[in-house]
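In what follows, a single structure is set out as structure tokens and then discussed.
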Amino acid sequence: MKVAVVGAGPAGVRAVERLVAAGLSPVWIDEASDGGGRIYQRPPPGLARDARSLYGFEAKRATALHDTLDALKPRCDWRPDTLVWHIRPGARQLQTLCGGRQDAVTYDAAILCTGAMDRVIPLPGWTRPGVTTMGAAQIALKTQGCAIGHRVVFLGTGPLLWLVAYQYAKAGADVAGVLDTTPFITKARATPGLLLGGATFAKGLYYIAWLRRRGIRIAEGVTPLAIEGGDDGVTAVTWRDAAGRDHRIDCDAVGMGWGLKPEAQLADLAAVPFRHDALQANWVPVRDGAGRTPVAGIYLAGDGAGIGGAEVAEMTGARAALAVLEDAGHRLDPIETVALDRRLASQARFRAALERAFPFPAHLARAMADDTLLCRCEGLRAGELRAAARAEAATGPAPEMNRAKAFTRVGMGRCQGRVCGAAAAEILAAELNCTVPQIGRLRGQPPVKPIPISAEAAP
Amino acid sequence: MKLVRLRDAARPRITLRLDGVPIEAQRGDTLLTALLAADAGYLRDSEFGDGPRAGFCLMGACQDCWVVVEGRGRLRACATLAEDGMEIRRG
Ligand code: FES
């Protein structure tokens, strides 16, 4: 049986590990040179790789994953620096590109472990040099030993906000402020469920307490106003507190993000249906608890199948591999599957509490000022999307996301809506007085990322 | 935008050129790091006239960090390692 695994983050590594243990030698494809995914991405050769300073509390977990990854490479058809840019589920074929060279990989079963990226809400000034996603700020530090600026403000919500602020301060960066759009009370209410997270929850509390002890400016329940600056960068962030007072923090860089969203474009191209997960406020590909999808031969694992975090990704990776093996008639020890399913169920309860503690602030996207640049790829402003939606609605059925794309180019740019898609859907829903599930989602197009035209045209 | 080197900042030096101007960088830098830790300030101008851009996601997803590398074409600065002697133009 020919199995392909796409992605070498926590989910991909554990999937391949289980397949290899069953005697298979999968084709294993990753866009990066060295695997690890975003969370356990390693610095390029030449930089020190001290796990303790790079991954903090997760050092042991990261090292274990890297060791497994490196041990597995020679035992499968390892293809680093390779982008899967299209998938043909009928022919069971992945289209790949490596260093300008095209290839096709056929599979009987494919496990897609494509990960996640930051979910952002545009605000005035967010395209200035010096503004990055929270994940970007972390990657700069982790893999390049760099801070995104001299004085950094972190803005958004979610566990990553506190973690990255902590990592920056610990590394010696000047953290000028941590601005959480979630009010304290929302988080406090979720505490009983968060306790299920045990060590993960304890670590989160530790980061917050550590930042407070350091005297770092922290505000909760904020409304971001703007990122000020000029063409050469950022000079300040302005925001409004819960009591309605306006504030300003001088800084030269901003890391922003409101949780994560699945990078599920390949599942989409494979024709896996999607559902809107109201708790996560994300569109997620449909799969069962083991990672099977309604599309024959396609399995999903990790954050690309719905946000669960690195620990859950390792479990879902192993679980999807077990599903592949089960479906191929391998005899498995039922104790292994049952134990894994039990751990996944308890993690799901913690995850739900986490989503309640840091809900996606849809109201901020909906309230975006008309002249705010919404789509950074196509230079489209929020007001232009609203006006176009009104005009379209007046002449026909209420527009959904893909029609909006046709009449405004939102999501048609170089990132294909990865960055602004979530906020754009909220704006449309508010303007047309309907829900995000009614607005629908942007459908993926091959290639999943821009590739050289010559490569695309080649057979 | 100026990236600040906090750790591991004494690696072997390499030199690239951005629009003809020499840029001092370090082995192991991505193009994005090499340019923005030096004084390039930004990577490209938005084609819609709304100002300069310097990348956003650093994970190969947003495509806002494109630069042109002589002989290799348009590349994502965040996902390409800098090499000694590279000739770069703003994307
Ligand atoms: S910064 Fe987003 S693709 Fe390079």
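Where both partners of a DSSP beta bridge lie in chain A, what percent of those bridges are antiparallel, to the nearest 5?
50
Given a cut-off of under 8 Å on Cα pairs at least six residues apart, what relative contact order in percent is computed for the stretch A:190-349? Numbers along the way, then the final one.
Working: 189 pairs, mean separation 21.2, N = 160.
Averaging sequence separation for qualifying contacts and normalising by length gives 13 percent for the stretch A:190-349.
For chain A, with only Lys/Arg (+1) and Asp/Glu (-1) charged at the beta-carbon, what is the dipole magnitude about the Cα centre, in debye rounded to 20?
640
For the stretch A:1-120, go through all pairs of different Cα atoms, get the mean of 1/r, take its inverse, and jot down that Kirkwood value in Å. Walk me through the intermediate numbers first.
Numbers: mean 1/r = 0.0669 Å⁻¹.
Every distinct Cα pair counted, the radius reaches 15.0 Å.
Using +1 at the C-beta of Lys and Arg and -1 at the C-beta of Asp and Glu, which of B:ALA37, A:PRO262, B:ALA79 has the Cα lying farthest in the positive direction of the dipole of the protein assembly as shown?
A:PRO262
Can you work out the FRET efficiency for the pair A:ASP81 and A:ALA243, with r the C-beta to C-beta distance and R0 = 35 Å, to the nearest 0.05? Walk me through the numbers before you get to the answer.
Details: r = 52 Å, r/R0 = 1.48.
Calculated value: 0.10.
Please sort through the DSSP H helices of chain A and keep those with an alpha-carbon extent of at least 24 Å along the long axis and a Kyte-Doolittle average not below -1.0.
Membrane-span-like by this criterion, though nothing is claimed about a membrane: A:310-327, A:334-357.
Could you work out, residue by residue across A:145-156, how many beta carbons of other chains sit within 10 Å of that residue's beta carbon, and then give the average as an integer?
What the average comes to for A:145-156 is 4.
Over all residues in A:125-131, what is the mean tally of Cβ atoms on other chains that come within 10 Å of each residue's Cβ?
Mean partner shielding for this stretch: 6.
As an exercise, use a Förster radius of 35 Å and the Cβ-Cβ distance of A:ASP250 and B:ARG72 to find the FRET efficiency, rounded to the nearest 0.05. Working shown, then result.
On the way: r = 39 Å, r/R0 = 1.12.
Efficiency, from the Cβ-Cβ distance: 0.35.
Toward the positive end of the charge dipole of the stretch A:101-206, about the Cα centre and with charges on Cβ (Lys, Arg +1; Asp, Glu -1), which of A:ALA199, A:GLY115, A:GLN102 goes farthest?
Farthest along the dipole direction, towards plus: A:ALA199.
What nm value, rounded to one decimal, do you get for the distance between A:ASP333 and A:ARG88 when each label is placed 7 Å out toward the C-beta?
A separation of 4.2 nm, rounded to one decimal place.
Hey, got the dipole for the stretch B:14-90? About the Cα centre, +1 on K and R Cβ, -1 on D and E Cβ, debye to the nearest 20?
Dipole of the stretch B:14-90, to the nearest 20 debye: 200 debye.
Just need the Rg to Rh number for the stretch A:120-258, please, alpha carbons only, Kirkwood Rh. Intermediate values should be presented prior to the final figure.
On the way: Rg = 14.5 Å, Rh = 15.1 Å.
Taking Rh as the inverse mean 1/r over Cα pairs, Rg/Rh reads 0.96.
Expected output is a single nm value to one decimal: the length gained when fully extending between A:ALA296 and A:GLU326, i.e. 0.36 nm times separation in residues minus the C-alpha distance. What is it?
9.4 nm is the gain from fully extending A:ALA296 to A:GLU326.
With a 1.4 Å probe and all protein chains kept in place, how do A:LYS73, A:LYS449 rank by accessible area, largest first? Walk me through the numbers on the way to the answer.
On the way: A:LYS73 40, A:LYS449 10 Å².
Largest to smallest exposure gives the sequence A:LYS73, A:LYS449.
Projecting each Cα onto the charge dipole of chain A (Lys/Arg +1, Asp/Glu -1 at the beta carbon, about the Cα centre), which of A:PRO74, A:THR223, A:LEU380 comes out farthest on the positive side?
The residue sitting most towards the positive pole is A:THR223.
Using the Cβ atoms and a cut-off under 15 Å, what net charge is assigned to the surroundings of A:ALA48, where Lys and Arg are +1 and Asp and Glu are -1? Walk me through the numbers before you get to the answer.
Numbers: positive: A:ARG42, A:ARG49, A:ARG52, A:LYS142, B:ARG5, B:ARG7, B:ARG11, B:ARG27; negative: A:ASP34, A:ASP50, B:ASP8, B:ASP29.
Overall, the nearby charge balance is +4.
Treating the protein assembly as shown as a set of equal point scatterers at the Cα positions, no solvent, please give the Debye-formula log₁₀ I(q)/I(0) at q = 0.10, 0.13 Å⁻¹.
For the protein assembly as shown, the Cα-only Debye profile gives -0.80, -1.46.
Near A:LYS203, which lysines are there with a Cα under 19 Å away, not counting those fewer than 8 places off in the same chain?
Candidates past the 8-residue exclusion: A:LYS60, A:LYS142, A:LYS170, A:LYS187.
Provide the gained length on full extension for the span A:ALA59 to A:ALA278, in nm with one decimal, where the gain is 0.36 nm per separating residue minus the Cα-Cα distance.
Numbers: separation 219, 0.36 × 219 = 78.84 nm, distance 3.30 nm.
Between A:ALA59 and A:ALA278, full extension yields an extra 75.5 nm.
Could you tell me which of rounded, prolate or oblate describes the stretch A:363-439, using a ≥ b ≥ c as the square roots of the eigenvalues of the alpha-carbon gyration tensor, with rounded for a/c under 1.5 and, failing that, prolate when a/b is larger than b/c and oblate otherwise? Show your work: numbers first, answer last.
On the way: a/c = 1.45, a/b = 1.25, b/c = 1.16.
Rounded.
Consider a paramagnetic label point 7 Å from the Cα of A:MET1 along Cα→Cβ; state which residues of the stretch A:278-294 have an amide N under 18 Å from it.
Under 18 Å, as judged by backbone N against the label point of A:MET1, lie A:288-294 of the stretch A:278-294.
If I take every Cα pair under 8 Å that is 6 or more residues apart in the stretch A:15-123, average their sequence separation and divide by the length, what percent do I get for the relative contact order?
25
Starting from the Cα of A:ARG414, step 7 Å along the direction of its Cβ; do the same at A:ALA22; then give the gap between the two resulting points in nm.
4.1
Averaged across B:42-49, how many Cβ atoms of other chains sit within 10 Å of each residue's Cβ atom? Please list the in-between numbers first.
Values: counts 6, 1, 1, 1, 6, 5, 8, 1.
If you average over the peptide's residues, the count of other-chain Cβ atoms is 4.
Once every DSSP H run of n ≥ 4 in chain B is given -39500 (n - 2.57) and the sum is divided by its residues, what mean residue ellipticity at 222 nm do you get, rounded to the nearest 500 deg cm²/dmol?
Calculated at 222 nm, the ellipticity per residue is -2000 deg cm²/dmol.
Roughly how many nanometres apart are two label points built 7 Å out from the Cα toward the Cβ at A:ILE185 and A:ALA209?
2.6
In terms of Cα to Cα distance under 19 Å, which aspartates and glutamates are near enough to A:LYS2, apart from those fewer than 8 places away along the same chain?
A:GLU17, A:ASP30, A:ASP77, A:ASP103, A:ASP108, A:GLU326, A:ASP327
Charges only on Cβ, +1 for Lys and Arg, -1 for Asp and Glu: so what's the dipole of the stretch A:165-230 about the Cα centre, in debye to the nearest 20?
320
Would you calculate, for chain A, the mean residue ellipticity at 222 nm contributed by helices, counting each DSSP H stretch of 4 or more residues as -39,500 (n - 2.57) and dividing by all residues, to the nearest 500?
Rounded to the nearest 500, the figure is -11000 deg cm²/dmol.
The values are calculated or read from the model by the stated rules, or taken from the named source; none is laboratory data. Since the model is a prediction, treat every value here as computed from it, not as a measurement. Note that we place each Cβ from the backbone using ideal geometry, even for glycine, and neighbour counts take in every protein chain shown. The area values use the complete protein model at the heavy-atom level, side chains included, leaving out ligands, DNA and RNA. Shrake-Rupley method; radii C 1.70, N 1.55, O 1.52, S 1.80 Å.
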